[in-house]
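A.B. asks: Provided herewith is a single structure, encoded as structure tokens, for subsequent inquiry.
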Amino acid sequence: MKAKKLLISALFVSLGLTGCSPQPETASSGHNSAKETVVNLQMWEGPEGEAMRPVVDAWNKTKTKETGIKINLSLLGRNGYADKLTSQLLSKNDTIDIVYPMSWFVPQYAQGGFLEPLDSYIAEDSNFAIQDFITAGLDTGKYKGKQYGIPVDMSEPVLFYRKDLLPVPPQTWDEALEAARKFSKSTNSDSPTQFGTTLYAAAGFAEPMHMWEELFWAYGGELFDKEGAPSINNEAGQKATQYGVELVKNKWVPADYTNYEYPQTLGAFQAGKVAFIQQWNAAWADLSNKNKSPLVADKVGYAPIPGVKQQDGSIKRSYHVHSITLAINASSKKKSEAFQVIAYLSGKEGGLEYTLRGGSTPRQSIFKSDKVKEVYGDYYSFLANEVDKHGKSEPPILPMTYISSNIMNKALNAAWSGAITVDEALSSAEKDMKTQLEKTKQGEMK
């Protein structure tokens, strides 16, 4: 009970949550037989929900008669989705059987008892093939060693670059800075692009910290020490933060970089404004599409994220990995049926169809399948290999996974802009994270 009260307090603080539980806004149509068990799956509107709709329709056409289970898909609006889902779970709404949380919310929901542990269901399903999942992706749905969410959409930033400008993409973060200098008009008037690259810095999003982590981890940092205390104001943290300082100070990124997240970063590359970007893997579908990216589709390449050269000559890389998961609402009265649906939607059949429609279900068999290769070439095989070797997810320390990103984003922007020094920014962020963590442990978060 104490843990649940703590969770509720933490979630209200981190999300600014108010209001009552909303009802699903839209649902798949279809006649419901009295003999059918209807499993309610709730996702959000947009490409993810639309990609899942035909997969759900396929189940209802081919699997309902066999299993006696019909899926009802409802889509909530994207804006405020986390608030709405949290409200539903806190109210113990049992009308939703399967929910669709971002992986950084899984620890909070699991700690509060709002998600059903899935380990026993997985163990009893001989066809689930959990070993087929890419480990870093599967780990995003775990809390304290238990599986609460099954990833259906895995995300990790990779390097997209102009092959006509960079025959060899930057392999290290030092080389990335040099490439940014070379392809920015502020330091090279002959540059064919206005800026070398971009910088994720938009407030209200977790991405600035996520992108920063790829440098921080490569430089040998860990977000928390062995005792679980925040540990960012160190050499790794300072080097990772200084990268952004150099980009902003030298005008190697657009002046309005503080507005940049996924669409702005994508748009800058599509418009030919930059030579390379650190961007989420989903961008390949648009960047390689001649209709969506006519200026660069035939010039774009993808490459491993830059890293840090080690003494033996190898390069240490780290990919931030998170996912959107399917999880069972602990208040559901149809848990067994809900797991059957999750197993299909994240499985070799349903997960493959979802990925072909734009998703990213992290199974080796899917990423390396012939059907995926026909659509995306070797891209997904590249992702599987890179994430297998270098993928890393944030440690699920309640509730810091979400709160720490808000603290870090504020500190990073202050340092990047030159408002305060790197040391001051990291010292302040580390102090704030320690304070919040201590309040959480004491149940005093208000």
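The numbers here are math on the coordinates, done by the rules we state, and not lab data. Remember, predicted model here, so these are calculated numbers, not experimental data. Positions of Cβ are generated from backbone atoms using ideal geometry, with glycine treated the same way; all protein chains shown enter the neighbour counts.
A.B. asks: Pull up the cross-link candidates among the aspartates and glutamates for Lys70, meaning alpha carbon to alpha carbon under 13 Å and not fewer than 8 places away within one chain.
C.D. replies: Glu36, Asp57, Asp97, Glu337
A.B. asks: Quick one: work out Rg over Rh on the C-alpha atoms of the chain, Rh as Kirkwood radius.
C.D. replies: That ratio equals 0.97.
A.B. asks: Calculate, for Asp378 and Asn291, the FRET efficiency according to 1/(1 + (r/R0)^6) with r their C-beta to C-beta distance and R0 22 Å; round to the nearest 0.05.
C.D. replies: So, using R0 = 22 Å, E works out to roughly 0.50.
A.B. asks: Round to the nearest 0.05 the FRET efficiency obtained for Glu36 and Lys371 when R0 = 41 Å and r is the Cβ-Cβ distance.
C.D. replies: FRET efficiency, Glu36 to Lys371: 0.85.
A.B. asks: Compute the relative contact order of segment 157-320 as a whole-number percentage, counting only Cα pairs closer than 8 Å that sit 6 or more residues apart in sequence.
C.D. replies: Relative contact order here is 38 percent.
A.B. asks: Follow-up. Could you go through segment 96-110 in sequence order and give the Karplus-derived ³J(HN,Hα) for each residue, using 6.51 cos²θ - 1.76 cosθ + 1.60 with θ = phi - 60°, rounded to whole Hz, and x for Gly and Pro?
C.D. replies: 9, 9, 10, 10, 10, x, 4, 4, 6, 8, 4, x, 5, 5, 5
A.B. asks: Rg and Dmax of segment 157-320, using alpha carbons, in Å: what are they?
C.D. replies: That works out to 15.6, 52 Å for Rg and Dmax.
A.B. asks: With a 10 Å Cβ neighbour count serving as the proxy for reagent exposure, in which order, fewest first, do Lys389, Lys163 appear?
C.D. replies: Fewest to most other Cβ atoms nearby, the residues stand as Lys389, Lys163.
A.B. asks: Also, I was wondering about something else. Could you tally up the Lys pairs in segment 260-362 with alpha carbons closer than 22 Å? Skip any pair fewer than 8 positions apart unless they're on separate chains.
C.D. replies: Taking the Cα cut-off of 22 Å, the pair count is 5.
A.B. asks: A follow-up question, please. Students often forget the sequence filter, so: which lysines lie under 28 Å Cα-Cα from Lys434 once same-chain residues fewer than 8 apart are removed?
C.D. replies: Lys2, Lys4, Lys5, Lys142, Lys144, Lys146, Lys226, Lys239, Lys392, Lys410, Lys446
A.B. asks: Now a separate question. Looking at the chain, do any whole DSSP H helices span at least 24 angstrom along their long axis by alpha carbon and average -0.5 or above on Kyte-Doolittle, and which?
C.D. replies: Helices meeting the span and hydropathy rule in the chain are 400-417.
A.B. asks: In whole angstrom, how far apart do the alpha carbon centroids of segment 270-323 and segment 60-85 sit?
C.D. replies: 33 Å
A.B. asks: A further question follows. What aspartates and glutamates sit close enough to Lys182 to cross-link, taking a C-alpha to C-alpha distance under 16 Å and skipping anything fewer than 8 places away on the same chain?
C.D. replies: Cα-Cα hits under 16 Å: Asp164, Asp174, Asp190, Glu246.
A.B. asks: What percent does the relative contact order of the chain come to when contacts are Cα pairs within less than 8 Å and at least six residues apart?
C.D. replies: This gives 24 percent for the chain.
A.B. asks: Sticking with this structure for a sec: Once the Cα gyration tensor of segment 275-395 is found, what semi-axes does its equivalent ellipsoid get, as square roots of 5 times the eigenvalues, in whole Å, sorted largest first?
C.D. replies: 30, 21, 13
A.B. asks: Determine the calculated [θ] at 222 nm for the chain from helices alone, applying -39500 (n - 2.57) to every DSSP H run no shorter than 4 residues and normalising by the residue count; nearest 500 deg cm²/dmol.
C.D. replies: Helix contribution divided over all residues of the chain: -12500 deg cm²/dmol.
A.B. asks: Taking amide H atoms as placed 1.01 Å from N in the peptide plane, list the residues 5 or more away in sequence, or in a different chain, whose amide H sits under 5 Å from that of Lys163.
C.D. replies: Val300, Gly301
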